[in-house]
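Report on the following structure.
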Amino acid sequence: MTERVLVVEDNPASLEMMRDWLVLQDYEVETASTLSDAMASIEKAGPDIVLLDIRLGAEDGLSLAEWLRRHPAWRHTPVIAVTAHAMVTEQERILEAGCNACISKPIEFRLLQDHLRKWLVIATLMKSTDGSLASPHQPSLSQTKGAEHAEQDPRG
């Protein structure tokens with residue numbers, strides 16, 4: 001089965017570069033350059049993963065990640081932010097908005113491939129167990145339970 005990737009990017013050259021690379025890696029690729037186009041694409045045929053530029057002209061791409069997390073049908077869809085603005089504070093804001101990972105531009109394709117593989121596997125597992133994707137700011141239930149038990153353990 002070929003995984004579907006939605007690339008949301010307003011820069012035509014960056015969009016073409018990412019699309020071409022993804023096609024060479026045997027992904028099925030959909031593209032969008034605005035939030036409304038991205039939402040329409042998701043509603044038409046939900047992607048397996050989203051690569052999201054967080055600055056889409058005057059639009060904040062992170063609102064797409066927040067929108068996905070609010071919809072039960074797409075809450076498991078991994079979102080990898082792709083940005084030229086990857087300062088630590090910006091990365092925290094990106095993860096808090098619902099993105100699962102953040103990659104800086106210019107893109108290191110080896111790193112992108114690692115993230116794609118990782119998050120596609122995690123999404124498949126989460127969908128099959130009806131769990132939710134945890135970000136570093138939102139621990140999974142098992143992480144939370146483990147922390148509670150560690151505090152109660154008299155051995156320290």
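The values are calculated or read from the model by the stated rules, or taken from the named source; none is laboratory data. Since this is a predicted model, take the numbers as computed values, not measurements. Neighbour counts run over all protein chains shown; Cβ positions are idealised from the backbone, glycine included.
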*For region 1-47, how many residues are part of a loop (DSSP other than H, G, I, E, B) and within 16 Å of the chain's Cα centre (by Cα)?*
5
*Out of all the residues in region 18-32, which are surrounded by fewer than 17 Cβ atoms within 10 Å (Cβ to Cβ) and in contact (Cβ under 8 Å) with a residue 24 or more places away in the chain?*
W21, Q25, D26, E28
*Take the residues in region 83-97 that are among the β-branched types (V, I, T) and in contact (Cβ under 8 Å) with a residue 12 or more places away in the chain, then tell me which one is surrounded by the most Cβ atoms within 10 Å (Cβ to Cβ).*
I94
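Matching residues to (1) out of contact with any Leu (no Cβ under 7 Å at 6 or more places or on another chain); (2) not hydroxyl-bearing (S, T, Y):
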| residue | (1), (2) |
| --- | --- |
| M17 | yes, yes |
| T31 | no, no |
| T34 | no, no |
| K44 | yes, yes |
| P47 | no, yes |
| D53 | yes, yes |
| L56 | no, yes |
| L68 | yes, yes |
*asked:* With the requirement that a residue be more than 16 Å from L68 (Cα to Cα) and in contact with a helix residue (DSSP H, G or I) (Cβ under 8 Å, 6 or more places away or on another chain), what does region 94-111 give you?
replied: C102, I103, K105, I107, F109
*With (1) β-branched (V, I, T); (2) surrounded by 17 or more Cβ atoms within 10 Å (Cβ to Cβ); (3) closer than 19 Å to K127 by Cβ as the list, and T2 as the residue in question, which single condition is left unmet?*
(2)
*Failed criterion for I80 (all others in (1) loosely packed, with under 13 Cβ neighbours inside 10 Å; (2) closer than 30 Å to T129 by Cα hold)*: (1)
*Select from region 98-117 the residues that are part of a helix (DSSP H, G or I) and either touching a residue at least 12 places away in the same chain (Cβ under 8 Å) or more than 18 Å from L6 (Cα to Cα) (or both) and list them in ascending order.*
F109, R110, L112, Q113, H115, L116
*Failed item in (1) in contact (Cβ under 8 Å) with a residue 12 or more places away in the chain; (2) more than 16 Å from the chain's Cα centre (by Cα); (3) exposed (fewer than 13 other Cβ atoms within 10 Å of the Cβ), with A73 passing the rest*: (2)
*asked:* Just to be sure before I move on: is A40 modelled with pLDDT of 95 or more, small (G, A, S) and exposed (fewer than 13 other Cβ atoms within 10 Å of the Cβ) in the structure I sent?
replied: yes
